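What follows is one structure encoded as structure tokens, with my remarks underneath.
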Amino acid sequence: VQLVESGGGLVQAGGSLRLSCAASGSTFSINTMAWYRQAPGKQRELVARITSGGGSTNYADSVKGRFTISRDNAKNTMYLQMNSLKPEDTAVYYCNAESGLWSYWGQGTQVTVSS
């Protein structure tokens, strides 16, 4: 499984961005997908997770009500709609996919929120 993120960039506080994660390869084996982020000097943290059918999602407390995770299995793509962005959301955002015992990662996309 290969994962490629896109959609990052520079935005002012209060703005919005939509991240995409395109999966290729053995996509039929993918179960849960998630977005993580890592800010400079901090550990990577879970932002949001979505189950294979999209019926269940969960979010970090810091993004609840502002971010929405979704996936389109027909397009093998996962999304993260980010609204009301804050400077503390600045980080590299990574796509993750779980397939059986394997966990796959994308290369990351930078999100920078200016105050």
Accessible area in square angstrom per residue, segment 1-112, 1.4 angstrom probe: 52
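Can you send over the carbon and sulfur percentage of the accessible area for segment 60-115, probe radius 1.4 Å, protein chains only? Walk me through the numbers before you get to the answer.
Numbers: 1410 of 2870 Å².
Ligands and nucleic acids excluded, carbon and sulfur reach 49 percent.
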Long-range tail of P(r) for segment 71-115 (Cα pairs > 14 Å, %): 62
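Could you give the Stokes-Einstein D for the chain in µm² per second, using the C-alpha Kirkwood radius, 25 °C, 0.890 mPa s?
Values: Rh = 14.0 Å.
In µm²/s, the coefficient is 175.
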Table column - 3J(HN,Hα) (Hz), segment 44-58, Karplus curve with 6.51, -1.76, 1.60, x for Gly and Pro: 5, 10, 6, 9, 7, 9, 9, 6, 4, x, x, x, 9, 9, 8
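The values are calculated or read from the model by the stated rules, or taken from the named source; none is laboratory data. No experiment lies behind these values; they were computed from the predicted model shown. Note: accessible area is taken over every heavy atom of the protein model, side chains too, but ligands, DNA and RNA are not part of it. Shrake-Rupley method; radii C 1.70, N 1.55, O 1.52, S 1.80 Å.
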